[in-house]
Amino acid sequence: MAAPLDLLCVGLTTLDITVRPVESLPEGEAGQIVEKIALSPAGTAGGTAFVAQTLGLRTALSSAVGDDPQGQIVRSMLEDAGVDTSMLAVDPNWPTSTTVLPIRPNGDRPNWHMMGASVFAPVGEAERAALDRTRNVHWAGVGFPGTMGKGADFLREAQARGLFTTCDLIAPTEAAQTDLDVLLPHVDLFMPSLAELSALAGTDDPVEGARRFMARGAKGCLVKLGGDGALLVLPEEQIHAAAHRIDPVDTTSCGDSLCAGYIAGRARGFDQADALRFGVATAAQVALGVGTLGVLENYDATLAFMRETPVKDYSR
């Protein structure tokens with residue numbers, strides 16, 4: 001009998017190679033000394049699974065890596081953290097999705113990305129069987145060729161089992177827009193960033209944008225506001241969680257970690273407001289270091305951070 005799960009993440013998985021700080025590219029063949037270079041499993045599915053496991057959830061990942069050293073690193077780091085990788089396939093036809101991120105001193109994060117195996121990973125019988133042993137499903141394969149047309153049935157099946165379903169995306173493309181039309185009626189909480197909401201919903205107002213997604217079927221929206229925290233929009237209420245007063249180092253995986261933190265808080269029995277605050281606290285700790293985990297340690301340290309670290313005052 002396979003072990004019970006708290007969370008199944010489906011979708012994009014990458015290896016992030018993060019370099020900090022990078023002010024400019026060296027001229028010609030010259031070199032530069034930097035403070036840190038970090039390798040991390042990342043992506044809207046892989047990063048969320050990595051963070052959720054670190055916060056104490058029993059987590060599994062459905063995705064794919066290539067038959068290459070990057071894939072071996074991703075699998076090894078996830079397994080060392082305790083993530084169930086039995087549904088992390090090896091695709092010999094594609095490399096592992098990989099991103100190189102030169103982090104500027106001010107925190108900006110331009111990147112080079114190589115598309116890879118996780119975009120083409122299918123959803124099959126193993127994932128459907130996993131629905132019988134998990135409590136939450138995080139769908140992060142919006143608009144991907146491997147999962148296109150299969151997500152709605154999968155999430156419908158998850159909801160029929162009483163699972164809590166969340167959804168995130170990597171980019172607001174036309175393919176994503178089309179996929180959302182069929183996915184959102186089976187999503188309990190859609191989790192876009194404000195920039196993604198603006199591009200997909202045609203408004204910069206997070207409440208209005210959330211309501212437009214809800215009109216398309218989502219039961220609620222968690223809007224990631226970056227340096228302004230996060231906003232949870234539900235049919236009966238709106239909840240804002242203020243950002244912590246920190247000096248960010250690397251914000252690359254903050255959105256994925258906020259998703260993971262909210263799901264973890266909810267799984268621990270927090271009410272909506274505290275689950276959102278826990279998600280924001282998780283993202284803040286990730287922003288304080290380099291790579292997917294930043295300075296994130298565990299659930300207890302995150303709870304203490306949430307309670308003890310001041311937040312921004314929006315009343316002035």
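The values are calculated or read from the model by the stated rules, or taken from the named source; none is laboratory data. This one's a predicted model, so the numbers in the text were calculated from it and none came from an experiment. Cβ coordinates were reconstructed from backbone atoms using ideal geometry, including for glycine residues, and neighbour counts include every protein chain displayed.
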Members of region 238-264 that are at pLDDT below 95 and either more than 14 Å from the chain's Cα centre (by Cα) or over 25 Å from PRO21 (Cβ atoms) (or both): ASP247, PRO248, VAL249, ASP250
Qualifying residues in region 249-301 (those that are of a type in the set (Lys, Arg) and over 23 Å from ALA195 (Cβ atoms)) - the one surrounded by the most Cβ atoms within 10 Å (Cβ to Cβ): ARG266
- request: Restrict the check to region 56-68 and report whether at least one residue is touching a helix residue (DSSP H, G or I) at 6+ places or on another chain (Cβ under 8 Å), surrounded by fewer than 24 Cβ atoms within 10 Å (Cβ to Cβ) and at positive phi.
  value: yes
query: Looking at (1) assigned to a strand (DSSP E or B); (2) touching a strand residue (DSSP E or B) at 6+ places or on another chain (Cβ under 6 Å), can you tell me which one PHE50 breaks?
result: (1)
- request: Please specify each residue of region 188-223 satisfying the condition of being closer than 22 Å to ARG266 by Cα, part of a loop (DSSP other than H, G, I, E, B), in contact with a Lys or Arg (Cβ under 8 Å, 6 or more places away or on another chain) and not hydrophobic (A, V, I, L, M, F, W, C).
  value: ASP188, PRO192
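Each row is one residue, and each column tells you yes or no for (1) among the hydroxyl-bearing types (Ser, Thr, Tyr); (2) more than 19 Å from LEU12 (Cα to Cα).
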| position | (1), (2) |
| --- | --- |
| PRO26 | no, yes |
| GLY31 | no, yes |
| GLU35 | no, yes |
| LEU39 | no, no |
| GLY43 | no, no |
| VAL51 | no, no |
| LEU55 | no, yes |
| THR59 | yes, no |
| SER63 | yes, no |
message: Please return the ranges of strands (runs of 3 or more DSSP E) entirely within region 87-168 where 1 or more residues are touching an Asp or Glu at 6+ places or on another chain (Cβ under 9 Å).
response: 98-102, 136-140, 164-167
